[in-house]
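Every number here is computed from the coordinates shown, using simple stated rules; none is lab data. Predicted model only: the values in this text are computed from it and were never measured. Cβ coordinates were reconstructed from backbone atoms using ideal geometry, including for glycine residues, and neighbour counts include every protein chain displayed.
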Amino acid sequence: MEPCIMAVFLRQPLYYLVRGDFSQNGLQFLLRSLKMIPIYRIVDAGYSGLRNNYATFAACSAGLSQNRTIMIFPRAMRGTKTPAASAKGLGRIVMGTFENFPEMDELYIVPVGVNYTYAESPCTEVMIDIGEPISQTDFRGNGRTGRRTYPPPEKAMTDRIVVIDHPEDEGLAEHLLVMDRSERLTGVFPIKSAPSAPILAEKKIADWVNVLPESEKEPLTAVCAAYFDALNENKIEDWNLVCPNRYGRGAWIRAVVGALPAWVGRIFCYPPHGACPAHPQKPG
């Protein structure tokens, strides 16, 4: 979803690094037409396939020398809020660009965090947090001291997303996030808004859970689990208790009118959406 979201809201054309095994199925022409550049990983192409990345890095360098914007996705795990380390390809692209095009004045890396409330549900929130650009000088470090004057991209990315340090705390964090979201329910419109309060609230909850002592965490986890079990038994949601009269006559009219286009959209989106749960823990 991230390429679609960013392409809709950004003015400049975007180019994307995508998994190399997509290009091994006769889809090279389609990928090129969609501005997709294959990147090969060991898990996709084996050690022998890694040599294909030389052409990929060269294509990225050529594109950056022409002021194109390339979107790179750090390696992460679906189904968890714990990020994995970024790949080393970013460093190779930056270094290679200035080696092949020494006349370039500057190159910037912009960390972007894309956070979802309920990623597998339709009509839910996406919170995008765009950080300060990192210049290539800051990324590469001072030539004399070898020190960076800016946090590494991994740190800049982590600061943009909701992170739960320990996977065993995800259940508690999710329960607290759900209850907080019920207090700030949003409507269908506006589709796009600028306030940063939602993402700041989610980060604050995650940070609080990360530092909560175990002596306090265990009873809170038990209380939250019992509460949501009771909600499930009664087939209601947390927001039903906060806003029992949220859906009036106007909401029902909008639901009826929008039912047909909504189902048409779900039919078109089902193939990629239906394929996601097959490998919930596969590196993306």
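Sort the following peptides by mean Cβ neighbour count (other Cβ atoms within 10 Å, averaged over residues), highest first: 105-116, 168-179. Before the final figure, lay out each step's value.
On the way: 105-116: 15.7, 168-179: 17.4.
Those peptides, ordered most packed to least, come out 168-179, 105-116.
Go ahead and run the numbers for FRET between Thr117 and Leu31, Cβ-Cβ distance against an R0 of 30 Å, rounding to 0.05. Walk me through the numbers before you get to the answer.
Numbers: r = 31 Å, r/R0 = 1.02.
Calculated value: 0.45.
Give me the distance in nm between label points sitting 7 Å out from Cα along the Cα-to-Cβ direction at Leu220 and Trp208, one decimal.
0.7
From the square roots a ≥ b ≥ c of the eigenvalues of the alpha-carbon gyration tensor of region 178-222, which class results: rounded (a/c under 1.5), prolate (a/b over b/c), or oblate?
On the way: a/c = 5.83, a/b = 2.31, b/c = 2.53.
Here region 178-222 falls in the oblate category.
Using amide H atoms built in the peptide plane, which far-off residues or other-chain residues are under 5 Å from Tyr118 H to H?
Glu125
Quick check: from the Cα gyration tensor, does region 153-210 come out rounded (a/c under 1.5), prolate or oblate? Write down the numbers at each step before the final one.
On the way: a/c = 2.73, a/b = 1.31, b/c = 2.08.
Because a/c hits 1.5 or more and a/b fails to exceed b/c, region 153-210 counts as oblate.
Mind giving me the nanometre distance, one decimal, between the label points for Arg51 and Glu132, set 7 Å out from Cα along Cα→Cβ?
Distance between the two pseudo-spin positions: 4.4 nm.
Note down the nm distance, to one decimal, between modelled labels 7 Å out along Cα→Cβ at Met95 and at Glu170.
Here the modelled spin labels are 3.3 nm apart.
List the residues whose amide H sits under 5 Å from the amide H of Val18, counting only those 5 or more places along or on another chain, with H placed 1.01 Å from N in the peptide plane.
Ile37, Ile39
HN-Hα J couplings of region 210-218 from phi, Karplus 6.51/-1.76/1.60, θ = phi - 60°, integer Hz, Gly and Pro as x?
5, 9, 5, x, 4, 5, 9, 5, 5
Calculate one ³J(HN,Hα) per residue across region 64-72 by plugging θ = phi - 60° into the Karplus curve 6.51 cos²θ - 1.76 cosθ + 1.60, and present them in order as whole Hz with x for glycine and proline.
Each residue of region 64-72 in turn: 5, 5, 9, 6, 8, 9, 10, 9, 10 Hz.
May I ask you to evaluate 6.51 cos²θ - 1.76 cosθ + 1.60, the Karplus curve with θ = phi - 60°, for each residue of region 191-202 and list the ³J(HN,Hα) values in order in whole Hz, giving x for glycine and proline?
After applying 6.51 cos²θ - 1.76 cosθ + 1.60, I find 5, 10, 9, 9, x, 9, 4, x, 5, 5, 5, 5 Hz.
Considering amide H positions built from the backbone, and no H for Pro or chain starts, which residues 5 or more places from Ile72, or on another chain, come under 5 Å of its amide H?
none
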